[in-house]
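Colleague: Would you mind keeping the following structure in view while I ask a few things?
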Amino acid sequence: MSREFTPALKERIEGVLAHYPNKHAGLLPVLRLVQSEKGFVSAEDERIVAALLGLRPIKVREVVTFYTLFARKPLGQFHIQVCSNLSCSLASGEKILEHLKARLGIRIGQTTPDGKYTLTEVECLGACEQAPCMMVNFDYYGNLDPEKIDRILEGLK
Amino acid sequence: MNEKVLTQNFGLDHLFRIEVYLEQGGYRAAKKALTEWKPEQVLEEVKKASLRGRGGAGFSAGLKWGFVPKKTDKPKYLCVNADEGEPGTFKDRYILSHDPHLLIEGIVIASYAVGIHDAYVYIRGEYEVIALRLEQAIAEAYGQGYLGKNILGSGFDLDLYVHRGAGAYICGEETALLESLEGKRGNPRLKPPFPASVGLFQNPTVINNVETLANVPFIILNGAAWFLAKGQPNDGGTRIFGVSGAVNKPGIYELPVGTSLREIIFTHAGGLKPGRKLKAVIPGGMSSPILKAEEIDIKMDVDSVAAAGSMMGSAAIIVIDDRTPILEVLKKVAKFYAHESCGQCTPCRLGTNWIFKIVKRMAEGKGEQGDVDSLLRLAANIKGRTLCPMGDAAAMPVFSIAKKFKEELEASLKGKT
C-alpha cells in the first residue's frame, strides 16, 4: 500500500509550516500530523517528510527516534500508556500495569492480536494528584483501580 | 491572608472561554500595560515584584527580560515553557486547562515589555486535549483583538502559536526546548551564549514558565508592592503547590510564597492516612534533594529551601510515608533519569545508567557491599559535569537519598556486616 500523502494532509502540513520562519522548525508538528493520519511514521513517511521540508532523511529519523510519542510501527486502536513514575507507584500504580497485562494478555510494549490495544509504560504524565493514572490515546484517566480499569476498557469503542 | 490569586476563578464554569474571562475583568491588565504604560515601566514593575521563575530554577523574571538587548535588528522571541514533565508537577496543567486566557494575557504583557512580536507555547505532547483548548482560546483572543495586529489600538503586534512536543523530559530544559522548537532532537546547548542573546533561530529569546507568566497580569493590575506583600521580600506572590503521594488530599494548593512545608502537607493536603507516619518529602519535583521527616519545618520559598539543602524547583511536593521502602523511591528516581538522559554528555548518559543498574540489583536483593558508596561516588561525579542542569537533576536526588538513608539501604545488601 502506498503511503503517498493525500492532498488534504499536504494542505494541513503547509498550514503548520506557515507558522515558522523555516521549514525545519515545523518537523515535530508535521510528524504529528502524519502520525495522526496514518497511525505511525514509517520509513517511507520519513523520506516524504524530509523531501517536503527540504531536509536530509537522517534529520527526520533522528527526531522520530528521539521522542517517545512517535510510533515507528502500527499501534493498537487504543494506545494505553500507564505511568510508573514515583507518585503513581506510591499509589500502587504497579498493580495497574499488572492488571492490564493480565486482562489484555500482553506484555508491555505489545499490541493485542486483534489490533485493538497497545500497552506502554511511560514516565510522569503530569497528573500526579490523580495517581495512579494512565492515558488512552489522548484522554487521561486517574484514581485508577482494577475495577475502574475494567469499566474504562468496556467503555472503549 | 490566604487569598488565592492565580487560581481564584478556577471554580467558574467555562472560564476558558473569553466571554467568561472578560466578565471577570480579563485583559484589563493587558489594556493598562499596552495603552497606559511604556514597555520599560512594565519591565521595571515586574523587576520590583521579585517574580521568580516557577519552572524550577527560580530566576528573576524581570532580570531575565532585561537581559534581552533593547536595540537589535533581529526578531525577538518568547517561548512559553509548558513542557511540564518534572515528576510530581501538574500545576501548569491546571492553569492551561482552566484559565488559558490568563496565560495569553501574561504573554501579551511580557512580549510588550521586551518588544517581542512572535511567541510560541511549547506544550508537552501528552497535553493534546489541553493544547486544543489553548488553541481555541488563542483564536478567541485574535478574534477580539488581544492578539494579532495593533492590539487594543496600541500599535503593538503579537503572534502566538502552540507548538507540541513529542515526549521528552529534557525538552523542559530551556535550550533543549529551543532545539526541539527548531525541529531537532532535544539536545541542550552549551551556555553561554544565553538564550537572551542567542536563542530561538539564533535570535534573542525569553523563555518563561506558564505559571510565571500567569502572575504578570496581577502584578500590572495591583502593583509590585502588593505582589511582594503576598510572598517574601526577595520572592513575591503565591505559588501553586502540587501535592502528591501519601497524603489524604492530593491536589493543587495556591498559597503565599514562604508557607511552611509542614503546613502544606498537614493542614492543606490533609496529612497522612491514619496509622502512617511521615518518612520523607521531595519538596520541589523529583530532582530536588529529599528531606527527612524532621526537616520539613522550612519556609517554601526559593532561598529558604536552598538553605535547607534542597530546591524549591516546581513546588511539586511528593510525600513518602513509613510503609514505603526508600529503595523503591530510589529505584523510580534512578529509572527515570536513566530513561530521560538525552545522551549528549558522557557523565549523565553513562552515570545515570550505572546508577540504575546498581539500584536495580539492590532491589532484586543482589546488592553488594559498597553499592551505596558507589551510588554516592557516581552521583557526585555527574553533578556539575554536564552541559545542562539535567546532570545535576539526576545526581541530586540519588545523592541525597543514598546519604540520608544509607543505613536503610545498606541493610538490604548481601553479606551485610
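Please treat every number below as a calculation from the coordinates, not as lab data. On a predicted model such as this, the values are computed, not experimentally measured, just so you know. So basically every Cβ, Gly included, is an ideal-geometry build from the backbone, and we count neighbours across all protein chains shown.
Colleague: Give the calculated FRET efficiency between A:Arg72 and A:Asp114 to the nearest 0.05, with a Förster radius of 25 Å applied to their Cβ-Cβ distance.
Modeller: 0.75
Colleague: Then there is this: List the trypsin sites (Lys or Arg not before Pro) in the range B:98-187 that DSSP assigns to loop (not H, G, I, E or B) and whose Cβ has at most 14 other Cβ atoms within 10 Å. Which are they?
Modeller: Those that pass, being in a loop and sparsely packed, are B:Lys149.
Colleague: What distance in nm separates the two pseudo spin-label positions at B:Phe67 and B:Lys48, each 7 Å out from Cα along the beta-carbon direction?
Modeller: 2.4 nm
Colleague: Eight or more residues apart or on different chains, and alpha-carbon atoms under 13 Å: count the Lys pairs in the range A:18-157 matching that.
Modeller: For the range A:18-157, qualifying lysine pairs total 4.
Colleague: Among B:Ile18, B:Thr352, B:Ala214, whose Cα sits farthest toward the positive end of the charge dipole of chain B (+1 at Cβ of Lys/Arg, -1 at Cβ of Asp/Glu, about the Cα centre)?
Modeller: With unit charges placed on the Cβ atoms, the residue in question is B:Thr352.
Colleague: Would you mind estimating how fast the range B:267-320 diffuses translationally, via Stokes-Einstein at 25 °C and 0.890 mPa s with the Kirkwood radius over Cα pairs, in µm²/s?
Modeller: Value of D from the Cα-based Kirkwood radius: 216 µm²/s.
Colleague: Run the reach check for B:Lys64 against aspartates and glutamates, Cα to Cα strictly under 16 Å, same-chain hits fewer than 8 apart removed. What comes back?
Modeller: Correct list for B:Lys64: B:Glu40, B:Glu44, B:Glu45, B:Glu173, B:Glu174, B:Glu211, B:Asp235.
Colleague: Right, here's the next one. Roughly speaking, what is the centre-to-centre gap between the range B:320-360 and the range B:170-188 when only Cα atoms are used, to the nearest Å?
Modeller: 22 Å
Colleague: Step by step: find N for the range B:172-211, compute 2.2 N^0.38 Å, then divide the Cα radius of gyration by it. What's the final number?
Modeller: 1.05
Colleague: Here's another thing I want to ask about it. Using only the Cα atoms, what convex hull volume per residue in Å³ does the protein assembly as shown have?
Modeller: Taking only Cα atoms, the protein assembly as shown has a hull volume of 156 Å³ per residue.
Colleague: Percentage of Cα-Cα pair distances in the range B:18-230 greater than 32 Å, rounded to whole percent?
Modeller: Distances greater than 32 Å cover 9 percent of the Cα pairs.
Colleague: Quick one: among A:Tyr140, A:Tyr67, A:Tyr117, which has the greatest mean-square fluctuation in a GNM of chain A with alpha-carbon springs under 10 angstrom?
Modeller: Result: A:Tyr67 has the largest fluctuation of those listed.
Colleague: Does the range B:326-410 classify as rounded, prolate or oblate by the C-alpha gyration tensor (a ≥ b ≥ c root eigenvalues; a/c under 1.5 gives rounded; else a/b over b/c gives prolate, otherwise oblate)?
Modeller: Judged from the Cα gyration tensor, the range B:326-410 comes out prolate (a/c at least 1.5, a/b above b/c).
Colleague: Still on this model: Could you tell me which trypsin sites (Lys or Arg not before Pro) in the range B:200-292 are loop residues by DSSP with no more than 10 other beta carbons within 10 angstrom of their beta carbon?
Modeller: Taking the range B:200-292 and a limit of 10 other Cβ atoms within 10 Å, the loop trypsin sites (Lys or Arg not before Pro) found are B:Lys277.
Colleague: Then there's this: Nearest 0.05, what FRET efficiency do A:Leu156 and A:Glu37 give at R0 = 30 Å with Cβ-Cβ as r?
Modeller: 0.90
Colleague: Something else about it: Given the DSSP H assignment, sum -39500 (n - 2.57) over each helix run of at least 4 residues in the protein assembly as shown and divide by its residue total; what's the result at 222 nm in deg cm²/dmol, nearest 500?
Modeller: One gets -12500 deg cm²/dmol as the mean residue ellipticity at 222 nm.
Colleague: Taking 0.36 nm per residue of separation and subtracting the Cα-Cα distance, what length does fully extending B:Leu12 through B:Trp226 add?
Modeller: Gain on stretching B:Leu12 to B:Trp226: 74.6 nm.
Colleague: Could you work out how far apart the two model spin labels at A:Lys95 and B:Leu190 are, taking each label as a point 7 Å from the Cα in the direction of the beta carbon, and quote it in nm?
Modeller: 5.2 nm
Colleague: At a Cα cut-off below 19 Å, give the lysines reachable from B:Lys32, other chains included and same-chain residues fewer than 8 away excluded.
Modeller: B:Lys47, B:Lys48, B:Lys149
Colleague: If you find the alpha carbon centre of the range B:215-270 and of the range B:273-309, how far apart are they in angstrom?
Modeller: 15 Å
Colleague: For the range B:219-342, please report how many Lys pairs fall under 20 Å Cα to Cα, leaving out neighbours fewer than 8 apart on the same chain.
Modeller: Number of lysine pairs found: 12.
Colleague: Along the Cα-to-C-beta direction of B:Leu132, a point sits 7 Å from the Cα; which residues of the range A:129-150 have their amide N less than 20 Å from that point?
Modeller: The answer is A:134-142, whose backbone nitrogens lie closer than 20 Å to the label point.
Colleague: Let me ask something additional. Mind jotting down a quarter of the surface of the convex hull over the alpha carbons of chain A, in square nanometres, one decimal?
Modeller: For chain A, the mean projected area of the Cα convex hull comes to 10.5 nm².
Colleague: Mind telling me which of A:His99, A:His19, A:His79 comes out most flexible in a GNM of chain A, alpha-carbon contacts under 10 Å?
Modeller: Looking only at A:His99, A:His19, A:His79, the largest GNM fluctuation is found for A:His19.
Colleague: How many nm separate the modelled label positions at A:Lys23 and B:Asp159, each set 7 Å beyond the Cα in the direction of the Cβ?
Modeller: Rounded to a tenth, the inter-label distance reads 1.8 nm.
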